[in-house]
Structures are given as structure tokens and as C-alpha cells.
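Asker: Please see the structure below; I have some questions.
The values are calculated or read from the model by the stated rules, or taken from the named source; none is laboratory data. Treat the numbers as computed from the prediction; the structure is a model and nothing was measured. A quick note on method: Cβ atoms are made from the backbone with ideal geometry, for glycine too, and the neighbour counts reach across all protein chains shown. Protein only, heavy atoms only, side chains kept; ligands, DNA and RNA dropped before computing areas. Shrake-Rupley method; radii C 1.70, N 1.55, O 1.52, S 1.80 Å.
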Amino acid sequence: MDVNAQGEDTPSERAEIHFLAALVDELMRKMLTAGVVSQADLNEIEAAVAQRTGGDPRAW
């Protein structure tokens, strides 16, 4: 992980985060399609993540 002198992330770190986010999103969609988790389960996961990160949860 590369961080510049100001403690900010670098393009390579940002690309890695975007890749991991896309991977998680795809896995969640596959689990929903396979019936492993429900839409309500995914909404709960999104709400918990949003609370931790200070963002807005996405609706499934």
C-alpha cells in the first residue's frame, strides 16, 4: 500500500480498493441469486458497512 507524504492514498491503492469492492459486490449478487442470502440480509450488511464508514447504504 502506497501513501504519499500527506498520508493520502495513491492511485495503485485506490485501484486495489475498487477491485476489492467490485469483487465483494459480485459475490454478494451471486449469493443473492443462489438464495444463500436474502435481500433483507444484504440490506442489513450494507447498513452496517455504511455505519462503519460514514457513508450512505445502498439498497439491494
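Asker: Just one of (1) in contact with an Asp or Glu (Cβ under 9 Å, 6 or more places away or on another chain); (2) open to solvent by 80 Å² or more (accessible area, probe 1.4 Å); (3) not in a helix (DSSP H, G or I) trips up residue 17, so point out which.
Answerer: With respect to (1) in contact with an Asp or Glu (Cβ under 9 Å, 6 or more places away or on another chain); (2) open to solvent by 80 Å² or more (accessible area, probe 1.4 Å); (3) not in a helix (DSSP H, G or I), residue 17 is out only on (3).
Asker: How many residues are of a type in the set (Asp, Glu) and either in contact (Cβ under 8 Å) with a residue 60 or more places away in the chain or open to solvent by less than 90 Å² (accessible area, probe 1.4 Å) (or both) if we restrict to the range 27-57? Steps first, please.
Answerer: Residues of the range 27-57 that are of a type in the set (Asp, Glu), as a first pass: 41, 44, 46, 56.
Right, trim to either in contact (Cβ under 8 Å) with a residue 60 or more places away in the chain or open to solvent by less than 90 Å² (accessible area, probe 1.4 Å) (or both) and you get 41, 46.
Going through the range 27-57 one residue at a time, the tally reaches 2.
Asker: Okay, moving on. List the pairs whose first member sits in the range 1-15 and is among the β-branched types (Val, Ile, Thr), whose second member is open to solvent by less than 70 Å² (accessible area, probe 1.4 Å) and modelled with pLDDT under 80, and whose Cβ atoms are under 7 Å apart, counting only residues at least 6 apart or on separate chains?
Answerer: Final answer for the pair search is 3/9; 3/10; 10/4.
Asker: Name the single residue, out of those in the range 1-14 being among the small types (Gly, Ala, Ser) and open to solvent by less than 80 Å² (accessible area, probe 1.4 Å), that is nearest to residue 58 (Cα to Cα).
Answerer: Within the range 1-14, the first condition is being among the small types (Gly, Ala, Ser), and the residues that meet it are 5, 7, 12.
Filter once more, so that each one left must be open to solvent by less than 80 Å² (accessible area, probe 1.4 Å): 7, 12.
Details: 7: 28, 12: 25 Å.
Only one residue fits best here, namely 12.
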